[in-house]
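The values are calculated or read from the model by the stated rules, or taken from the named source; none is laboratory data. Keep in mind the model is a prediction, meaning the values are calculated, not measured. Heads up, the Cβs are rebuilt from the backbone with ideal geometry, glycines too, and the neighbour counts pull from every protein chain shown.
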Amino acid sequence: MLNTAVFFRCEQGKQIRRVESLLWLAAQRMIEVSRQGLGEHYYQARDAIEQVDLECLFRLVRPMAAQMVVVQKGNIFWRWIDAYGFYRDAVTDHWPLMTRERRSVLLMWAGEEAASICEPCVQEARYVGSI
């Protein structure tokens with residue numbers, strides 16, 4: 001049996017890179033917005049972003065988000081974790097029997113969620129550009 005992840009990465013390389021870029025931008029926003037909540041882990045998170053190591057960042061923020069006492073609707077940690085989780089499931093070999101169609105849906109969801117995290121930055125840039 002062939003692993004569909006390999007074929008998916010070959011076929012969807014351009015889209016995967018676009019979603020990775022969105023995840024990276026969303027991660028930057030998450031870190032800056034949540035600087036206080038990260039506490040001593042802020043610098044580890046910044047290092048992960050500077051090294052473009054999204055997996056390292058995921059492993060850092062996932063346990064922190066689970067320990068939050070109050071989970072607000074739209075919490076940026078959980079939104080980024082969901083986006084990265086969708087991406088990770090779509091492109092890795094963790095689910096070798098997942099169909100290409102399902103991988104496409106997960107990659108689309110990852111991109112949409114990451115873009116929604118970045119949207120306030122885009123709105124602000126548009127406003128500043130119009131002055």
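Being basic (Lys, Arg) and touching a helix residue (DSSP H, G or I) at 6+ places or on another chain (Cβ under 7 Å) is the filter here, so list the residues in the stretch 76-93 that pass it.
Pass one, the stretch 76-93, residues basic (Lys, Arg): 79, 88.
Hit for the stretch 76-93 is Arg79, nothing else.
Scan the stretch 3-12 and tell me whether some residue there is over 21 Å from Asp89 (Cα atoms) and surrounded by 15 or more Cβ atoms within 10 Å (Cβ to Cβ).
There is no residue in the stretch 3-12 that is over 21 Å from Asp89 (Cα atoms) and surrounded by 15 or more Cβ atoms within 10 Å (Cβ to Cβ).
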Look at the stretch 13-55 and say how many of its residues are more than 11 Å from the chain's Cα centre (by Cα), closer than 19 Å to Asp93 by Cβ and not charged (D, E, K, R).
3
If I go through the stretch 78-111 residue by residue, how many of them are touching a residue at least 24 places away in the same chain (Cβ under 8 Å) and among the acidic types (Asp, Glu)?
2
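Determine if the stretch 7-17 includes at least one residue that is within 22 Å of Trp78 (Cβ to Cβ) and among the charged types (D, E, K, R). Spell out how you get there, then give the answer.
Kept after step one, since they are within 22 Å of Trp78 (Cβ to Cβ), are these residues of the stretch 7-17: none.
No: the stretch 7-17 contains no residue that is within 22 Å of Trp78 (Cβ to Cβ) and among the charged types (D, E, K, R).
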Restricting the stretch 70-87 to residues that are part of a helix (DSSP H, G or I) and over 9 Å from the mean Cα position of the chain (by Cα), the residue that is modelled with the highest pLDDT:
Trp78
So, Glu119, is that one under 15 Å from the mean Cα position of the chain (by Cα), exposed (fewer than 15 other Cβ atoms within 10 Å of the Cβ) and either at pLDDT below 90 or not in a helix (DSSP H, G or I) (or both) or not?
yes
